[in-house]
1. Just check the chain against the gyration tensor rule for me: Cα atoms, a ≥ b ≥ c as the square roots of the eigenvalues, rounded for a/c under 1.5, and otherwise prolate or oblate depending on whether a/b exceeds b/c.
2. To check you understand DSSP bridge types, tell me what percent of the beta bridges within the chain (both residues inside) are antiparallel, rounded to 5.
3. Once fully extended, how much extra length lies between residue 88 and residue 241, figured as 0.36 nm per residue of separation less the alpha-carbon to alpha-carbon distance?
4. Quick check on segment 126-174: what are the equivalent-ellipsoid semi-axes from the Cα gyration tensor, as sqrt(5λ), descending, whole Å?
5. Taking only DSSP H segments of four or more residues, each worth -39500 (n - 2.57), what value at 222 nm results for the chain once the sum is divided by all its residues, to the nearest 500 deg cm²/dmol?
6. Give the shape of segment 162-215 as rounded, prolate or oblate, defined through the alpha-carbon gyration tensor: a ≥ b ≥ c are the square roots of its eigenvalues, a/c under 1.5 means rounded, and otherwise the shape is prolate if a/b is larger than b/c and oblate if not.
7. Please work out the C-alpha center-to-center distance from segment 126-194 to segment 212-259 and express it in whole Å.
Ligand code: 1BO
């Protein structure tokens, strides 16, 4: 599996996203994904499935150190003491002594970023997280975070797929040695019948989703497709035996714009 290197972290290029996966379904998918060769699982406090992610991890029989586990601190826990307490709770639910990557899930303008980052770095120093990073941060917030954080940030996890242009965020991350981790990398399934992707896929014997994921990892982006279907797990990881040409990469990149965003909330920052 290709690894994305970022400020000391080695993030497997494909992971399983678990947003909206709950209960037994979540535990089974995590177990199955790991049995199929996934080595990167992404969860979050707000997904309310950290316990099940831990269960799936143990049921898979894959050694803990061979799996890259990410969780994210929810915005209501950004006050320094809360951040440490809630991170301990996450570890207890996962039944892990540390995660590989701990992220601030969304920016929260109501708590000074410097304080939150200080607490995040402290949690890392305590050995509860091997690496730390952010999610849903804009370019301005990335710059502010990098300047304020006493520890290097490994990534910004953002929505990214062919319909959403993330050039500015990608450039900001590259400037600071940070990886981009893409959530909703197949645009919540909307790319499935996309004629450009289908056509490119036909030339390689691949599906539109596989072309889309290949386009991401060829940019050195780690992608965390979520699926509730076991049969999709194999499809999403079977992207390391072909290569898109420069022309194909370019055609796909041309499809993106600022209008392609699918995940937005009232508390979201002003996007780039
Ligand atoms: C509210 C969850 C967004 C993606 O992690």
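A short reminder: the numbers here are calculations on the coordinates, not readings from a lab. Keep in mind the model is a prediction, meaning the values are calculated, not measured.
1. Working: a/c = 1.83, a/b = 1.26, b/c = 1.45.
Taking the square roots of the gyration eigenvalues as a ≥ b ≥ c, the chain is oblate.
2. Details: 5 of 31 bridges.
Within the chain, antiparallel bridges account for around 15 percent of the total.
3. Working: separation 153, 0.36 × 153 = 55.08 nm, distance 3.97 nm.
Going from the current span to full extension adds 51.1 nm.
4. Working: eigenvalues 97, 33, 11 Å².
Working from the Cα gyration tensor, I get semi-axes of 22, 13, 7 Å.
5. Details: 10 runs with 108 residues, N = 272.
The per-residue figure over the chain is -12000 deg cm²/dmol.
6. Details: a/c = 2.80, a/b = 2.21, b/c = 1.27.
Prolate, since a/c reaches 1.5 and a/b exceeds b/c.
7. When both Cα centres are located, 16 Å separates them.
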